[in-house]
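**Student:** The structure that follows is given in the form of C-alpha cells.
The values are calculated or read from the model by the stated rules, or taken from the named source; none is laboratory data. Worth saying up front: this structure is predicted, and the values here are computed from it rather than measured. Every residue, glycine among them, receives a Cβ derived from its backbone with ideal geometry; neighbour counts consider all protein chains shown. Just so you know, the surface numbers come from the protein's heavy atoms only, side chains and all, with ligands and any DNA or RNA stripped out. Shrake-Rupley method; radii C 1.70, N 1.55, O 1.52, S 1.80 Å.
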Amino acid sequence: MIKEYKFENIYSDGKHILTKGSPVWNEKTINNYRIWNPRRSKLCAMILNKCKIMPIKKNSTVLYLGASSGTTVSYVSDIADKGMIYCVEFSGRVFRDLIAMCEKRKNIVPILADANQPESYQHIVESVDVVYQDIAQRNQIQIFKKNAKMFLKKNGYGIIMVKARSIDTTARPEDVYKKAVEDLKDFEILEKIGLEPYCKDHLAVALENK
Amino acid sequence: MKLVTKWFGVFLVDEDEIVKYELFPKNSDEIAERLKKINDGEILDEEEKLTKGMEIEKGERDIDYSDYGFTLDLLHSASIQFGKMLFREIPEDRYVIQAVNAIDEINKAINIMTERFIEWYLYYFPEEKEKNFGKIIAEYDGENKTNPETETHNISSTDKEMLKDVAISILTLQKTKNKLEKYVEKEMEKIAPNLSFFAGPRIGAKLIALSGGLGRLSVMPSSKIQLLGAEKALFRHLSHEGKSPKYGVIFQHPVIHNAKHNRGRIARVFANNAAIAVRADYYSKHFIGNELKKRFMKQISKG
Ligand SMILES: C[S@@+](CC[C@H](N)C(=O)[O-])C[C@H]1O[C@@H](n2cnc3c(N)ncnc32)[C@H](O)[C@@H]1O
C-alpha cells in the first residue's frame with residue numbers, strides 16, 4: 001500500500017520513501033513510484049530520521065547549491081512539481097550529467113557557477129522559498145549566508161547539510177556543529193537532524209529566515 | 001540611475017522605478033546566446049541600445065519575468081542550451097596545457113627509467129661512466145659498444161633482452177617528448193606568440209598551465225608570475241622552514257639559470273617583461289617580442 005508520507009508529494013510503501021515522477025536513470029520503481037535511496041541522498045535520510053518540517057513543497061521555488069550530477073535534485077524536482085529548482089554546481093565534470101538529467105525535467109534550471117559568487121547568477125535566479133545547500137566546503141556556512149541574503153524570501157526556509165569533516169578536520173563533529181549553528185544565529189533554527197546511519201559526519205539543519 | 005540585466009531583458013532603473021527597458025526575443029536560442037555573452041563579460045546589444053553609450057552603473061533589483069510575458073520554460077531550455085555551449089567550446093589554451101604537462105611527466109618517467117637502466121647495466125659493466133649512458137641507451141642491442149672490455153661476467157640472453165626492452169621504452173618516450181615539444185612550439189606560436197618568443201615556448205606554456213590559463217596569466221601581477229612553479233618552496237618558507245624563493249619555472253631560462261650574480265633582480269625584470277608579453281598576447285596578439293627582448297637585455301646589462 002503506497003500512501004502519502006507526512007509531506008506533500010512524498011510517499012511511502014511502509015519500507016521505502018518514494019516520489020512520483022518519470023525515472024531518470026534506471027532506478028527501481030514500485031508501481032511507477034521512484035524509490036529514494038537515503039544512502040545516496042541526504043534529504044531522504046533527513047526524512048527517514050523523522051524531520052518534522054519539510055520546507056520543500058509542491059509550489060516551492062528552490063535554490064539548490066552543490067547539485068552534483070543531480071541525484072537529489074531529481075527527487076526535489078518530483079516534490080516541487082509545480083515549482084522551480086535553480087541548481088548551482090561548479091564542477092564541469094559532473095555538470096554534463098546534471099544537464100542530461102535536467103533535459104528530462106521541465107522544472108529545473110542548471111547553472112554552472114561557484115556558489116561563492118552569487119552575483120554571477122543574480123541575473124538568472126529569482127527570490128526563492130528555500131535555499132538548499134549540500135557543498136562539502138570549509139566555508140559552507142558563509143556561502144549559505146551570502147546566498148540567503150541575496151535570494152531567500154522573508155520567512156523562507158533553509159536546509160543545510162553541515163559536513164563535520166570538511167569544515168575542520170581535527171575538531172570533534174559535535175563542536176563543528178555547535179559552531180555552525182552559532183554562525184547561523186541570524187536565522188531561526190527549526191530543527192537539527194543527524195543523518196546516521198545513512199550518512200556519516202553530517203548534520204541537517206533546517207531554519208527559517210525571520 | 002542603474003542598469004539591471006536579467007535573463008529576459010535589460011532595464012534602466014531610477015530610484016527603484018523601471019524607466020526604460022529592452023526585452024530579449026522570446027526564444028531560447030537567443031536567450032542562451034545572451035547568457036553566454038553575459039558569462040563572458042561582453043556588453044549586450046540591448047545594453048548599448050539602452051544606455052546609448054553613456055556609462056551607467058550596473059545594479060540589482062527584483063524584476064518579475066512573468067510581468068513581461070516570459071515563462072520559466074524558456075529559461076529552462078535556454079539554460080540547458082547555454083550549458084551545452086560551455087562544453088562545446090574548449091578554450092584554445094587547453095591543448096597546450098595538456099601537452100606541456102605531458103612533457104613534464106614524460107621527463108620524470110625518462111629519468112626514473114634511465115636510473116633503473118644504469119643501475120642494472122652496472123652489474124655487468126661496473127666501470128662504465130655516467131656520461132656515456134645517453135649513447136649506450138640509444139644504441140643498446142645487448143652489447144656494450146663504448147667499452148666492451150670492462151664486462152665483469154656474462155649477461156644471460158634474457159637479461160640482455162630485458163635491458164634492451166627498457167632502453168627501447170626510454171627511446172620511445174624520448175620520441176614522444178620531442179613530438180610534444182614541437183607541438184607546444186607550434187601551438188604557442190598561435191596562442192601566445194609574444195610570450196613564446198620572449199620566454200621560450202616551453203617556459204611560456206608552463207606559465208600558462210600553472211596559472212590556469214592565458215586569461216588568468218594576463219591579469220596576474222609580475223611578482224606572482226616570477227614565483228609560478230615555486231609554490232612548494234614558498235609554502236616551506238611561509239611555515240618558516242626555508243629561504244624565500246626568488247623564482248619558479250622561469251629559473252629554467254638560460255638567462256636566469258646561467259646568471260653569475262644578481263639572479264633575483266634578473267628574475268624580477270624577466271617576469272616583468274613576460275607579463276607585458278602575456279597581456280599583448282591576450283588582448284591583441286600584436287607582435288612586440290623583438291622590442292621586449294631588446295628592452296630586457298638593456299635592462300639587465302645596466303648592472
Ligand atoms: C556532496 S556533493 C552534493 C551531492 C548532491 N547534493 C546530491 O545529494 O545528489 C557536493 C557538490 O558540491 C559541489 N560544490 C562544492 N563547492 C561548490 C561551490 N563553491 N559552488 C558550487 N558547487 C560546489 C561539488 O562539486 C559537489 O558536486
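**Student:** Would region B:51-60 turn up any residue that is of a type in the set (S, T, Y) and facing chain A (nearest Cβ under 10 Å)?
**Tutor:** Initially, region B:51-60 is screened for residues of a type in the set (S, T, Y), giving B:51.
Those still in the list that are facing chain A (nearest Cβ under 10 Å) too: none.
Looking for residues that are of a type in the set (S, T, Y) and facing chain A (nearest Cβ under 10 Å), one finds none in region B:51-60, hence no.
**Student:** Now a separate question. Touching a Lys or Arg at 6+ places or on another chain (Cβ under 7 Å) and within 16 Å of the ligand (Cβ to nearest atom): is that true of A:A80 in this structure?
**Tutor:** In short, yes.
**Student:** Residue by residue through region A:47-69, note down the ones that are out of contact with any helix residue (DSSP H, G or I) (no Cβ under 7 Å at 6 or more places or on another chain) and within 11 Å of the ligand (Cβ to nearest atom).
**Tutor:** A:G66
**Student:** Which one of the conditions (1) closer than 18 Å to A:I56 by Cα; (2) within 13 Å of the ligand (Cβ to nearest atom); (3) within 14 Å of chain B (Cβ to nearest Cβ) does A:A204 fail to meet, given that it meets all the rest?
**Tutor:** Condition not satisfied by A:A204: (3).
**Student:** Here is a follow-up. If you take the residues of region A:97-106 that are of a type in the set (D, E, K, R) and more than 10 Å from chain B (Cβ to nearest Cβ), which of them is farthest from the ligand (Cβ to nearest atom)?
**Tutor:** A:K104
**Student:** Can you tell me which residue among A:V88, A:V94 is more than 17 Å from A:A180 (Cα to Cα), more than 9 Å from every other protein chain (Cβ to nearest Cβ) and at pLDDT 95 or above?
**Tutor:** Result of the check over A:V88, A:V94: A:V88.
**Student:** For A:I135, all conditions in the list (1) within 14 Å of chain B (Cβ to nearest Cβ); (2) within 9 Å of the ligand (Cβ to nearest atom); (3) among the β-branched types (V, I, T) hold save one; what is the number of the exception?
**Tutor:** A:I135 satisfies all of (1) within 14 Å of chain B (Cβ to nearest Cβ); (2) within 9 Å of the ligand (Cβ to nearest atom); (3) among the β-branched types (V, I, T) except (1).
**Student:** Could you list, in sequence order, the residues of region B:5-21 that are surrounded by 17 or more Cβ atoms within 10 Å (Cβ to Cβ) and part of a strand (DSSP E or B)?
**Tutor:** Listed by number, the residues that qualify are B:T5, B:K6, B:G9, B:V10, B:F11, B:L12, B:V13, B:Y21.
**Student:** Which of the residues belonging to region A:117-132 are within 12 Å of the ligand (Cβ to nearest atom), over 18 Å from B:R61 (Cβ atoms) and open to solvent by less than 50 Å² (accessible area, probe 1.4 Å)?
**Tutor:** Residue satisfying the conditions is A:Y132 alone.
**Student:** Spot the failing condition for A:F151; the list is (1) more than 14 Å from chain B (Cβ to nearest Cβ); (2) modelled with pLDDT of 95 or more; (3) open to solvent by less than 30 Å² (accessible area, probe 1.4 Å); (4) more than 15 Å from the chain's Cα centre (by Cα), and only one is missed.
**Tutor:** Unmet for A:F151, out of (1) more than 14 Å from chain B (Cβ to nearest Cβ); (2) modelled with pLDDT of 95 or more; (3) open to solvent by less than 30 Å² (accessible area, probe 1.4 Å); (4) more than 15 Å from the chain's Cα centre (by Cα): (1).
**Student:** If A:Q140 passes every condition in (1) more than 17 Å from the chain's Cα centre (by Cα); (2) open to solvent by less than 30 Å² (accessible area, probe 1.4 Å); (3) at pLDDT below 95 but one, which one does it miss?
**Tutor:** (1)
**Student:** Checking B:K2 against (1) open to solvent by less than 70 Å² (accessible area, probe 1.4 Å); (2) under 20 Å from A:F151 (Cβ atoms); (3) within 10 Å of chain A (Cβ to nearest Cβ), which test does it fail?
**Tutor:** Among (1) open to solvent by less than 70 Å² (accessible area, probe 1.4 Å); (2) under 20 Å from A:F151 (Cβ atoms); (3) within 10 Å of chain A (Cβ to nearest Cβ), the lone unmet condition for B:K2 is (3).
**Student:** How many residues are within 13 Å of the ligand (Cβ to nearest atom), part of a loop (DSSP other than H, G, I, E, B) and within 12 Å of chain B (Cβ to nearest Cβ) if we restrict to region A:107-116?
**Tutor:** 1
**Student:** Any chance you could count how many residues in region A:20-50 are closer than 16 Å to A:I79 by Cα and under 15 Å from the mean Cα position of the chain (by Cα)?
**Tutor:** 11
**Student:** Under 17 Å from A:Y86 (Cα atoms) and free of Cβ contacts under 8 Å to residues at least 24 places away in the same chain: does that describe B:D45?
**Tutor:** Here the answer is no, as B:D45 does not meet what is asked.
**Student:** So which of B:N178, B:N194 is part of a helix (DSSP H, G or I) and open to solvent by less than 20 Å² (accessible area, probe 1.4 Å)? Before you say what the answer is, go through the steps one by one.
**Tutor:** Numbers: B:N178 fails: open to solvent by less than 20 Å² (accessible area, probe 1.4 Å).
Criteria check complete, one pass: B:N194.
**Student:** On the given criteria, is A:E191 away from every other protein chain (no Cβ under 14 Å), open to solvent by 30 Å² or more (accessible area, probe 1.4 Å), over 30 Å from B:R34 (Cα atoms) and not aliphatic (A, V, I, L, M)?
**Tutor:** no
**Student:** Okay, moving on. Would you call B:D40 open to solvent by 40 Å² or more (accessible area, probe 1.4 Å) and within 14 Å of chain A (Cβ to nearest Cβ)?
**Tutor:** Yes.
**Student:** Another question, then. A:A171 fails exactly one of the following numbered conditions: (1) within 14 Å of chain B (Cβ to nearest Cβ); (2) among the small types (G, A, S); (3) over 17 Å from the mean Cα position of the chain (by Cα); (4) away from the ligand (no atom under 12 Å from the Cβ). What is the number of that condition?
**Tutor:** (1)
**Student:** Residues that are of a type in the set (A, V, I, L, M), out of contact with any Asp or Glu (no Cβ under 7 Å at 6 or more places or on another chain) and within 14 Å of chain A (Cβ to nearest Cβ): which helices (runs of 4 or more DSSP H) entirely in region B:72-162 hold 2 or more of them?
**Tutor:** B:72-88
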